[in-house]
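Notes for the one structure printed next.
The values are calculated or read from the model by the stated rules, or taken from the named source; none is laboratory data. Quick caveat, the model's predicted, so the values are computed rather than measured. Cβ placement follows ideal geometry from the backbone for every residue including glycine, while neighbour counts extend to all protein chains displayed. With ligands, DNA and RNA removed, areas are computed over all heavy atoms of the protein, side chains included. Shrake-Rupley method; radii C 1.70, N 1.55, O 1.52, S 1.80 Å.
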Amino acid sequence: MEKNAVYLVYTLIEQNDCVSDCHALYATLERAKAAMNVEIEGAMENFGKGEVLHDLERLYEFRTEDGYGFTVGIDEMMPL
């Protein structure tokens, strides 16, 4: 029996003394990439100027001068 991969989209937001995270599973990589873009756009609304540290196909990381920011990524997982 062949098992299909699932894709975990994760978001970690670090701002002031607060850290929050979110995770969601997607059946296809295309849906996961679309969700990743939505998460990036939403997270950017919380931050002003800063620097993109990583902008890869499955990982995006943004930081401000104060070290706050967010990370959004996609992990491919195989069900057990």
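Could you check how many residues of the range 30-49 are touching a Phe, Trp or Tyr at 6+ places or on another chain (Cβ under 9 Å), open to solvent by 50 Å² or more (accessible area, probe 1.4 Å) and not in a helix (DSSP H, G or I)?
Total meeting the criteria: 1.
Name the single residue that is modelled with the highest pLDDT among those in the range 1-44 being farther than 27 Å from residue 67 by Cβ and of a type in the set (Asp, Glu).
Of all residues in the range 1-44, those farther than 27 Å from residue 67 by Cβ come to 1-7, 25-34.
So of that shortlist, the ones also of a type in the set (Asp, Glu) come out as 2, 30.
Numbers: 2: 62, 30: 97.
Among them, the one singled out is 30.
Which of the residues that make up the range 52-80 are modelled with pLDDT under 95, open to solvent by 70 Å² or more (accessible area, probe 1.4 Å) and under 20 Å from residue 6 (Cα atoms)?
Within the range 52-80, 78, 80 qualify.
Of all residues in the range 1-29, how many are in contact (Cβ under 8 Å) with a residue 12 or more places away in the chain, open to solvent by 50 Å² or more (accessible area, probe 1.4 Å) and among the hydrophobic types (A, V, I, L, M, F, W, C)?
The total comes to 4.
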